[in-house]
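The values are calculated or read from the model by the stated rules, or taken from the named source; none is laboratory data. The shown structure was predicted, so the numbers you read here are calculated from the model rather than taken from an experiment. Cβ atoms come from the backbone with ideal geometry, glycine included; neighbour counts cover every protein chain shown.
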Amino acid sequence: MPPERRVSPSQAEKKTISGIVQVTRKGVGYMPISADAPKKKSSDDIEIFPEKLNGALNGDHVEVELLSVFPRPRGRVKKIVQRAKTRFVCTLRVVTGKHVAVADDMRFPKPIEIVNSKEDKEGTKVLVELTSFDGEKAVGKIVEVIGAAGEHRVEMNAIVLEHGFETQFPPEVLAQAQDIEKNHAKIIAGEAGKRTDFRNKLTFTIDPVDAKDFDDALSIEQIDADTYEIGVHIADASYFVRPGTALDDEAIKRGTSVYLVDATIPMLPHELSGNVCSLKADEDRLAFSAIFNITTKGEVLSRRFEKTIIRSNKRFTYEQAQEILDGKVSAPEYAPALNTLWSIAQILRKEKTNRGAIDFGDNEVRFTLDENGTPIGVVRKERIDTNLLIEEFMLLANREVAKYVSKLAEKNPEHGFVFLYRIHDDPKPDRIDELATFVRAIGYDFGQNKKKPTAKDIAKLLKDIEGTPEEHLIRTATLRSMAKAIYSTRNIGHFGLAFDYYTHFTSPIRRYPDVLVHRILASHLDGHPITRKEYISLEKMCIAASEREAKAVSAERDSIRYKQVEYLSARIGQEFDAIVSGVTDWGMYVEDKETASEGLVRMRSLEGDFFEHRPKEYAVVGQRTQKKYALGDSVRVKLVAADLAARTADFELVSA
């Protein structure tokens with residue numbers, strides 16, 4: 001092996017690189033040589049051995065000194081510019097006779113010595129503020145006792161806290177919310193004469209059976225034989241959440257609600273999210289509405305945006321509304337409206353598909369929990385017609401709001417109007433190439449005759465795999481190949497939806513960007529539009545909101561993963577039908593077809609041959625027998641271990 005090519009001291013001084021370090025569970029750090037440079041492979045990253053991290057933790061912004069360039073770039077951390085976070089969820093343990101806090105994040109390399117705390121019960125989960133860490137000794141203090149490890153609510157709260165979200169609201173925020181709730185009747189009375197009154201029009205909500213807040217409602221009224229007025233009514237949260245208030249400051253900080261397996265950590269206190277803002281049936285509510293005149297052929301003749309007051313006539317679950325659509329339940333008051341809305345929604349959906357929109361489907365799961373929060377059942381969620389009905393009208397409102405404000409800005413460039421968009425960039429060519437190779441390995445023709453598959457090619461692929469055993473596997477791989485949708489003041493359109501203009505307007509109870517969009521739209525409608533000078537920090541808000549959204553999604557996934565492993569932990573020794581979902585040097589990952597629970601079949605457990613990983617074939621193959629287990633293959637597996645702390649499961653293949 002050739003020796004490392006060292007960098008001289010004079011060269012090293014010039015080769016200090018700043019960036020975000022990612023640390024693996026083995027304690028090795030990796031950082032891109034340049035954030036701007038196209039990354040071709042993992043060996044392009046600077047590798048930093050554990051002893052050269054000098055106290056840097058996963059996600060930290062650091063300065064790295066480049067030490068060598070061959071056989072691969074290697075370096076050491078010279079300075080920690082900024083910690084990614086300083087608070088860690090830990091479990092109290094006894095190590096060599098001392099009580100210490102062991103971080104739940106396995107990438108934290110050392111036990112944390114706790115100072116100034118009387119809490120010493122082993123197995124207690126705590127939130128620790130890290131006060132110092134030099135790579136050898138970690139010191140911190142307990143800022144919150146979460147509870148006994150293993151208890152359902154404790155574990156869910158621990159996940160939320162680990163991702164930087166608070167589980168409680170500050171007293172001043174609660175006081176303000178309670179005051180609004182107390183005076184809500186007066187507020188409604190005061191606003192009634194100032195807003196367009198929709199209380200006499202047929203209006204209803206359609207939401208999941210376990211929904212706690214209702215952001216949106218639909219109204220419908222026939223204008224003539226071929227035209228309907230359809231109102232998309234959105235909770236007017238921005239009326240109550242005013243700039244400069246404690247409520248607004250807390251909403252900015254949270255950025256979004258977090259949805260766990262069985263609970264919601266709301267962006268706004270319950271007094272607002274679950275009451276005065278929520279569009280409950282048979283109660284007057286303030287709304288911000290997008291109102292459309294639409295023909296039975298799906299043609300939008302006109303649209304307007306107004307502050308309104310509404311009164312929902314009915315709260316439907318998706319399943320209840322579906323039963324009416326299917327004719328299983330007689331509801332003469334609502335059936336014509338639901339059927340008309342569904343007919344128009346199908347046309348809107350088809351138009352979107354024809355433009356090249358991608359339907360990524362739904363790979364989520366739903367748990368049945370007992371009284372202690374223990375999972376006793378888990379199934380994949382399925383989208384039904386009423387899900388798609390609501391989706392299409394929310395997309396219509398979001399698109400038209402974005403288009404309206406954008407066109408005003410284009411007509412009046414001298415005013416410097418500013419807006420918040422939801423954008424989705426085109427996928428990077430190398431990611432699409434990887435997806436194409438991946439899909440072909442499973443046996444599908446994807447973009448084989450083109451240099452760059454289009455959105456329509458991706459949409460066709462997802463249509464082709466519907467109902468196949470590998471459907472969820474390919475959908476997940478396709479999603480991972482896409483760029484992330486983010487918030488921005490710079491509009492580049494939305495690749496996945498095939499929209500030139502798009503924003504988030506329809507969920508202000510649970511997303512702060514929607515609150516901002518409401519404020520900006522309202523400012524245009526009242527003749528005093530917000531300009532770039534006034535909202536100079538909007539792009540920073542967009543970046544922060546995108547980051548908070550990513551953390552919320554990660555928390556949600558962790559809660560699902562925890563419950564999946566908990567569900568499996570009671571089923572050691574049972575057999576499952578699974579699909580090979582990943583292959584590595586150490587084994588192959590398999591996903592249970594029924595519950596989407598994933599685990600590892602370790603290479604050493606494969607019997608009858610010596611198996612090796614063949615990356616180009618996306619398979620593990622026996623050297624003597626040439627027995628192959630490839631991505632997408634159906635296999636029968638037995639569960640042999642489940643580790644809740646690590647959220648991992650181990651399987652073994654069952655002999656045919």
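Remarks
- Here ILE520 clears all of (1) assigned by TED's automatic domain parsing to the domain that holds THR503; (2) in contact with a Ser or Thr (Cβ under 7 Å, 6 or more places away or on another chain) except the condition numbered (2).
- Which listed residue is of a type in the set (D, E, K, R), more than 25 Å from GLU471 (Cα to Cα) and loosely packed, with under 14 Cβ neighbours inside 10 Å, from ARG604, ARG614, ARG557: ARG604
- Of all residues making up the range 482-508, the number that are crowded, with 20+ Cβ neighbours inside 10 Å and under 25 Å from VAL439 (Cβ atoms): 6
- Every residue from the range 624-656 that is touching a strand residue (DSSP E or B) at 6+ places or on another chain (Cβ under 6 Å) and in a loop (DSSP other than H, G, I, E, B): LEU631, ASP633, VAL654
- Among the residues examined, SER597 qualifies as polar (S, T, N, Q), surrounded by 14 or more Cβ atoms within 10 Å (Cβ to Cβ), in contact (Cβ under 8 Å) with a residue 40 or more places away in the chain and in contact with a strand residue (DSSP E or B) (Cβ under 7 Å, 6 or more places away or on another chain).
- Among the residues making up the range 208-231, those that are in a strand (DSSP E or B) and over 28 Å from ARG366 (Cα atoms) are SER219, ILE220, GLU221, GLN222, ILE223, ASP224, THR227, TYR228, GLU229, ILE230, GLY231.
- Pick from the range 165-174, criterion in contact (Cβ under 8 Å) with a residue 60 or more places away in the chain and surrounded by fewer than 17 Cβ atoms within 10 Å (Cβ to Cβ), ranking: nearest to GLY255 (Cα to Cα): GLU166
- Among the residues of the range 475-488, not one is at pLDDT 95 or above and more than 16 Å from ALA550 (Cα to Cα).
- Residue within the range 83-98 that is small (Gly, Ala, Ser), over 28 Å from TYR562 (Cα atoms), more than 33 Å from the chain's Cα centre (by Cα) and part of a loop (DSSP other than H, G, I, E, B) present: yes
- Against the test of being assigned to a strand (DSSP E or B), under 30 Å from ASP464 (Cβ atoms) and either at pLDDT 95 or above or not assigned by TED's automatic domain parsing to the domain that holds ARG510 (or both), the options ARG366, ARG303, ARG311 yield a single qualifying residue, ARG366.
- Filter result (crowded, with 17+ Cβ neighbours inside 10 Å, hydrophobic (A, V, I, L, M, F, W, C) and part of a strand (DSSP E or B)) within the range 264-293: ILE265, LEU286, ALA287, PHE288, ALA290, ILE291, PHE292
- Taking each residue of the range 635-656 that is closer than 23 Å to ALA149 by Cβ and touching a residue at least 40 places away in the same chain (Cβ under 8 Å) and looking for partners that are in a strand (DSSP E or B) and hydroxyl-bearing (Ser, Thr, Tyr) with beta-carbon atoms closer than 9 Å, six or more apart or interchain, yields ALA641/THR648; ALA642/THR648; ALA645/THR91.
- Of the residues in the range 91-113, not one is in contact with a helix residue (DSSP H, G or I) (Cβ under 7 Å, 6 or more places away or on another chain), within 19 Å of GLU155 (Cα to Cα) and aliphatic (A, V, I, L, M).
- Within the range 294-313, the residues that satisfy the criterion of being over 16 Å from HIS518 (Cα atoms) and either buried (at least 17 other Cβ atoms within 10 Å of the Cβ) or free of Cβ contacts under 8 Å to residues at least 12 places away in the same chain (or both) are ILE294, GLY298, GLU299, SER302, ARG303, ILE310, ARG311, SER312, ASN313.
- Tally, over the range 175-202, of residues that are surrounded by 13 or more Cβ atoms within 10 Å (Cβ to Cβ) and either more than 29 Å from GLY255 (Cα to Cα) or in the same structural domain as GLU556 (by TED's automatic domain parsing) (or both): 7
- Here GLY255, GLY244 are screened, and the one residue that is on the phi > 0 side of the Ramachandran plot and free of Cβ contacts under 8 Å to residues at least 40 places away in the same chain is GLY244.
- Sole residue being of a type outside the set (S, T, N, Q) and under 28 Å from GLY59 (Cβ atoms), chosen from GLU162, GLU181: GLU162
- Residue in the range 246-267 that is among the aliphatic types (A, V, I, L, M) and closer than 26 Å to THR196 by Cα present: no
- Of note, ALA237 satisfies the criterion of being closer than 19 Å to LYS307 by Cβ and either crowded, with 23+ Cβ neighbours inside 10 Å or without any contact (Cβ under 8 Å) to a residue 12 or more places away in the chain (or both).
- Of all residues in the range 427-443, those satisfying the criterion of being buried (at least 16 other Cβ atoms within 10 Å of the Cβ) and in contact (Cβ under 8 Å) with a residue 60 or more places away in the chain are PRO427, PHE438, ALA441, ILE442.
- Only listed residue being outside the structural domain of LEU395 (by TED's automatic domain parsing), closer than 30 Å to VAL89 by Cα and of a type outside the set (Val, Ile, Thr), chosen from GLY231, GLY164: GLY164
- Residue list for the range 314-332, restricted to those being touching a residue at least 24 places away in the same chain (Cβ under 8 Å) and loosely packed, with under 15 Cβ neighbours inside 10 Å: GLU319
- Tabulated pairs, the range 475-495, first under 15 Å from TYR421 (Cα atoms) and in the same structural domain as ILE423 (by TED's automatic domain parsing), second assigned to a helix (DSSP H, G or I) and hydrophobic (A, V, I, L, M, F, W, C), C-beta under 6 angstrom, 6+ apart or interchain: TYR487/CYS542; TYR487/ALA545; SER488/CYS542; THR489/LEU538
- Considering residues of the range 217-234 that are acidic (Asp, Glu) and touching a residue at least 24 places away in the same chain (Cβ under 8 Å) only, the residue nearest to SER312 (Cα to Cα): GLU229
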